[in-house]
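Note sheet for the following structure.
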Amino acid sequence: MEDEVHDPTDKAVLKKAMKAFRKRLKMTRLDDETSNSRGAFSGGKVSSVVAIKPPSQFPQAVWDELVKQGRLIESNHFYELPKE
């Protein structure tokens, strides 16, 4: 079972990696939007975060496979979702 976690071609692994990536991206954006640098009564702002470092619980081969499939875009070890 341990080998399955590291198999970059396993659809279940890729699905889990994408879910973890989206969650990390969402949390990073939320953190950016609610940073302490703005007042409590300000209108807030939309996050400018578009790319993040992927979660480390998946090996690099998984992220490379997701890029190969076109599900992520890689730039200088940061990853982003493709424009829809």
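The values are calculated or read from the model by the stated rules, or taken from the named source; none is laboratory data. All of these numbers come straight from a predicted model, not from anything done at the bench. We place every Cβ from the backbone using ideal geometry, glycine too, and count neighbours over all the protein chains shown.
Of all residues in the stretch 1-43, which are exposed (fewer than 12 other Cβ atoms within 10 Å of the Cβ) and either touching a Ser or Thr at 6+ places or on another chain (Cβ under 6 Å) or modelled with pLDDT under 75 (or both)?
Within the stretch 1-43, Met1, Glu2, Asp3, Glu4, Ser35, Asn36, Ser37, Gly39, Ala40, Phe41, Ser42, Gly43 qualify.
Would you confirm whether or not the stretch 54-73 contains a residue that is assigned to a strand (DSSP E or B), at pLDDT 95 or above and out of contact with any Ser or Thr (no Cβ under 6 Å at 6 or more places or on another chain)?
yes
Just give me the residues in the stretch 51-70 being without any contact (Cβ under 8 Å) to a residue 24 or more places away in the chain and at negative phi, in sequence order.
Residues satisfying the conditions are Ser56, Gln60, Val67, Lys68.
Could you please find all residues in the stretch 52-66 being surrounded by 15 or more Cβ atoms within 10 Å (Cβ to Cβ) and touching a strand residue (DSSP E or B) at 6+ places or on another chain (Cβ under 7 Å)?
Of everything in the stretch 52-66, those that are surrounded by 15 or more Cβ atoms within 10 Å (Cβ to Cβ) and touching a strand residue (DSSP E or B) at 6+ places or on another chain (Cβ under 7 Å) turn out to be Ile52, Pro54, Trp63.
Exactly one of these conditions fails for Val46: (1) modelled with pLDDT under 95; (2) among the hydrophobic types (A, V, I, L, M, F, W, C); (3) surrounded by 16 or more Cβ atoms within 10 Å (Cβ to Cβ). Give me its number.
Only one criterion in (1) modelled with pLDDT under 95; (2) among the hydrophobic types (A, V, I, L, M, F, W, C); (3) surrounded by 16 or more Cβ atoms within 10 Å (Cβ to Cβ) is unmet by Val46, namely (3).
Mind checking which pairs have a first residue in the stretch 71-84 that is over 15 Å from Ser56 (Cα atoms) and a second that is among the basic types (Lys, Arg) and not in a strand (DSSP E or B), Cβ under 9 Å, 6 or more apart or different chains?
Ile73/Lys83; Leu81/Arg22; Leu81/Arg71; Pro82/Arg71
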